[in-house]
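Below is one structure, written out as structure tokens, with a few remarks after it.
Every number here is computed from the coordinates shown, using simple stated rules; none is lab data. What you are looking at is a predicted structure, and each value in this text was computed from that prediction instead of being measured. So basically every Cβ, Gly included, is an ideal-geometry build from the backbone, and we count neighbours across all protein chains shown.
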Amino acid sequence: MRATEQRHAVGPGVGEGRRGFVPAVLTVPGYGRLWRAGLLYYHAYWFEIVVTGWTVLLLTGSPFAVGLVGFCRTLPMLALGLVLGALADRVREATLLLAVQVAGLLAAGTLALLFVLERTGLGPICLLVGLLGCGWACDFSARRALVARFHGPERVASALALETMMMLGGKVAATALGGALLALGGPRLAYGWLALIYGAGGLAALAVRRLEPPAGRAPAAAIPIIALVRLGWSTAVRTPVVRAVLLVTVVMNVLVFPYQQLMAVIAREILAVGSARMGVLAGADGLGALVVAGFLTARSRPVRQGLLFLAGAAGLGALLLALALSRSFPLSLGVQIAVGAGGAAFGAMQSALVLGAVEVELRARAMGMVAMAIGMAPFGILLAGAFSAAVGPATTLAGMATLALALLAAIVVRNPVLLAAPDDGR
């Protein structure tokens, strides 16, 4: 670890003497502000997905159109993930997070104005959602690299578990509120609220910049972006753990996670419920995520990161199959809660495995590779939307879940390194 990082890293005992349940990772100077800024950003992220999905479904009546918007939202992860990861090695991460909030404010404000003027259509929605997707791709690499700089190696897994808890736990309120505001005032009110949240997030990002730990990356600043991209790619493909994580990530984002972008279709076409109950269903997985991520954050014993990562992935595939077969709203709600538990384990260990397998100066670029793997999701979303329109969403999701489970088994057989991945040293 570099000297500049050592001054800001926290050891196992820091903060444990505080009264009440305060995770030690939150006692690191400056990290609490980053965490609170993340609460606002993730609220906006999930809120927009639910609001836009329902709005597009009502405007067009087409599951494929909902999938097309999801494609535009996630495509920047594939197209720009590694480039933005390399950029995060040259520009202050907190500056990038601020830029993401400003772009979100502009996009959300424009969407609200278009609906007020009744000048909206599928094209403008796709364009502005694509801008939000660029922000998500940038935030993914920059935020996780910054988390790793705030904490020492022994606390990175716990900090990332807390990030996962924040991201998925905040989904509960964000999606429920999105459904409620749609029912109350339609897209104009919903996108107005989204713009307000992005504005507050921008102010929070400004506060993070003042306490961002020094990066010590002067040498990287002299290296051309294309060289940084090539180095990140070569490091990822040569590192067995990173390579295996990327393969699993591609499968999950092509065949499992696209269902999140189609929650409006599931609610309306499979369960026959309205926008308010759709919002509750979409956010129910946050409850399960809170439990598992809370355990991972507060635990005192080490965990086998690779095994937990694979268990989360396989569990998500099986639960998607159950969600596709369910016709009961209460049963689907229970499945969604269990999905959150699997997603928390998968998400926290995904980043922890990659960050622990590469050198400090390559972290942002390695996370850029993960962002590119996540960026394969647009093809899965288009596939899910097209097949949902042709054979129905239930059959489509069941088929995708079954294929995902088969491919995960094949990856484990060919890449046993994940099963042998060490614990986090706690």
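Between Leu196 and Arg119, the distance separating the two model label sites (each 7 Å from Cα on the Cα→Cβ line) works out to 2.4 nm.
Is the shape of region 26-418 best called rounded, prolate or oblate, per the rule: a/c under 1.5 gives rounded, else a/b larger than b/c gives prolate, else oblate, with a ≥ b ≥ c the square roots of the Cα gyration tensor eigenvalues?
Oblate is the answer for region 26-418, as a/c is 1.5 or above yet b/c matches or exceeds a/b.
Positive contributions from Lys and Arg (+1) and negative ones from Asp and Glu (-1), summed over other residues with Cβ under 14 Å from the Cβ of Gly130, come out at 0. At full extension, Ser62 and Ala386 could sit 115.7 nm farther apart than now, given 0.36 nm per residue minus the alpha carbon distance.
Once the Cα-Cα distance is subtracted from the 0.36 nm per residue extended length, the Ala410 to Arg243 segment shows a gain of 58.7 nm. Here the simple spin-label model places points 7 Å from the Cα toward Cβ, and for Leu307 and Leu106 these points are separated by 4.9 nm. Net charge of the neighbourhood of Tyr45, taken over other residues with C-beta under 9 Å away and scored Lys/Arg +1, Asp/Glu -1, is -1. Between Ala207 and Arg327, the modelled label-to-label distance comes to 5.0 nm, taking each label 7 Å out from Cα in the direction of the beta carbon.
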